[in-house]
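Colleague: Pasting a structure below so you can have a look.
The values are calculated or read from the model by the stated rules, or taken from the named source; none is laboratory data. Only a predicted model underlies this, so the values are computations on that prediction, with no experimental measurement involved. Here the Cβ positions follow ideal geometry from the backbone for every residue, glycine too, while neighbour counts run over all protein chains shown.
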Amino acid sequence: MADIKKIVKEISAKHEDKRVNLIPILQDIVKENNFLSNDAMTEVARALDISAAEVYGVASFYSFLETKNEGKYKIYVCKSITCDMKNKNKIIKTAEEMLKIKLGGTSPCKEFSLLETNCLGLCDKGPAMLINDDFYTELTPTKIQEILGKIRREGVSC
């Protein structure tokens with residue numbers, strides 16, 4: 001893993017070491033490091049001259065600020081009542097079978113994490129999911145197979 005002190009220093013400097021930029025700083029660290037380690041959050045606190053508890057509080061509040069080392073591809077399935085009513089469970093089951101992991105799990109090779117999240121804001125097009133920065137809507141088991149199959153063909157190792 002890269003030197004977290006160096007990563008935090010570069011990213012916080014890019015954001016002018018300002019408290020108001022805490023979320024963008026944390027987002028950039030996740031992009032660079034895949035997750036927010038305790039060391040990373042401590043370094044951010046030092047760089048911004050705020051408490052580590054404040055940084056952790058923000059990081060743990062938002063599901064997109066991962067505090068665990070999860071897969072390269074983070075698959076968030078919307079768990080809203082609307083997506084639930086539109087057969088979200090079939091989507092989850094298909095993904096679990098294809099990835100050979102359970103909801104909440106990460107593949108042994110750290111390529112995929114299958115997670116649930118609160119509303120993605122796409123209730124009119126549910127069931128919906130987010131894979132890293134890409135949204136997918138009006139999902140069916142067939143669409144899930146196509147999406148995950150494409151990711152695998154593009155070079156995923158497991």
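Colleague: Taking the stretch 1-47, which residues are surrounded by 16 or more Cβ atoms within 10 Å (Cβ to Cβ), within 21 Å of ASP133 (Cα to Cα) and acidic (Asp, Glu)?
Modeller: Correct list: ASP28 only.
Colleague: When only residues in the stretch 87-102 that are under 13 Å from LYS143 (Cα atoms) and among the β-branched types (Val, Ile, Thr) count, which is surrounded by the fewest Cβ atoms within 10 Å (Cβ to Cβ)?
Modeller: THR94
Colleague: For the stretch 1-49, how many residues meet the condition of being of a type in the set (Lys, Arg) and within 18 Å of LYS68 (Cβ to Cβ)?
Modeller: Residues meeting the conditions: 1.
Colleague: Can you name the number of the only condition in (1) of a type outside the set (Lys, Arg); (2) modelled with pLDDT of 90 or more; (3) not in a strand (DSSP E or B) that PRO108 fails?
Modeller: So the condition that PRO108 fails would be (2).
Colleague: When the stretch 23-47 is examined, which residues are found to be under 26 Å from THR106 (Cβ atoms) and of a type in the set (A, V, I, L, M)?
Modeller: If the condition is that a residue be under 26 Å from THR106 (Cβ atoms) and of a type in the set (A, V, I, L, M), then ILE23, ILE25, LEU26, ILE29, VAL30, LEU36, ALA40, MET41, VAL44 are the ones that fit.
Colleague: Now a separate question. Determine if the stretch 63-75 includes at least one residue that is touching a Pro at 6+ places or on another chain (Cβ under 6 Å), crowded, with 19+ Cβ neighbours inside 10 Å and farther than 19 Å from HIS15 by Cβ. Let's see the steps before the verdict.
Modeller: Taking the stretch 63-75 as the starting set, the residues that turn out to be touching a Pro at 6+ places or on another chain (Cβ under 6 Å) are none.
Within the stretch 63-75, not a single residue is touching a Pro at 6+ places or on another chain (Cβ under 6 Å), crowded, with 19+ Cβ neighbours inside 10 Å and farther than 19 Å from HIS15 by Cβ.
Colleague: Considering only residues that are acidic (Asp, Glu) and at pLDDT 90 or above, look in the stretch 25-84 and name the one that is farthest from the chain's Cα centre (by Cα).
Modeller: Out of the qualifying residues, it is ASP49.
Colleague: Looking at the stretch 91-109, I want the residues that are within 18 Å of LYS79 (Cβ to Cβ) and assigned by TED's automatic domain parsing to the domain that holds THR137 and have a partner that is part of a helix (DSSP H, G or I) and of a type in the set (Val, Ile, Thr) with Cβ atoms under 6 Å, at least 6 apart or on another chain. Which pairs are those?
Modeller: ILE91/ILE144; THR94/ILE144; ALA95/ILE144; LEU103/ILE92
Colleague: I'd like the residue in the stretch 125-139 that is over 18 Å from ARG152 (Cβ atoms) and either among the aromatic types (Phe, Trp, Tyr) or in contact with a helix residue (DSSP H, G or I) (Cβ under 8 Å, 6 or more places away or on another chain) (or both) and, out of all such residues, is surrounded by the fewest Cβ atoms within 10 Å (Cβ to Cβ).
Modeller: GLU138
Colleague: Tally time: how many residues in the stretch 24-53 are of a type outside the set (D, E, K, R) and closer than 25 Å to PHE112 by Cβ?
Modeller: So the count comes out to 12.
Colleague: Residue check: is GLU116 touching a Lys or Arg at 6+ places or on another chain (Cβ under 6 Å), closer than 30 Å to THR42 by Cβ and charged (D, E, K, R)? Before you say what the answer is, go through the steps one by one.
Modeller: Numbers: touching a Lys or Arg at 6+ places or on another chain (Cβ under 6 Å): yes; closer than 30 Å to THR42 by Cβ: yes; charged (D, E, K, R): yes.
So GLU116 passes the test.
Colleague: Ok, one more. Using the structure shown, decide if LEU65 is closer than 19 Å to LEU115 by Cβ and either outside the structural domain of ILE131 (by TED's automatic domain parsing) or of a type outside the set (Val, Ile, Thr) (or both).
Modeller: Working: closer than 19 Å to LEU115 by Cβ: yes; either outside the structural domain of ILE131 (by TED's automatic domain parsing) or of a type outside the set (Val, Ile, Thr) (or both): yes.
For LEU65, the condition - closer than 19 Å to LEU115 by Cβ and either outside the structural domain of ILE131 (by TED's automatic domain parsing) or of a type outside the set (Val, Ile, Thr) (or both) - is met.
Colleague: Taking the stretch 104-118 as the region of interest, how many residues are crowded, with 16+ Cβ neighbours inside 10 Å and under 14 Å from the mean Cα position of the chain (by Cα)?
Modeller: Looking only at that region, the number is 9.
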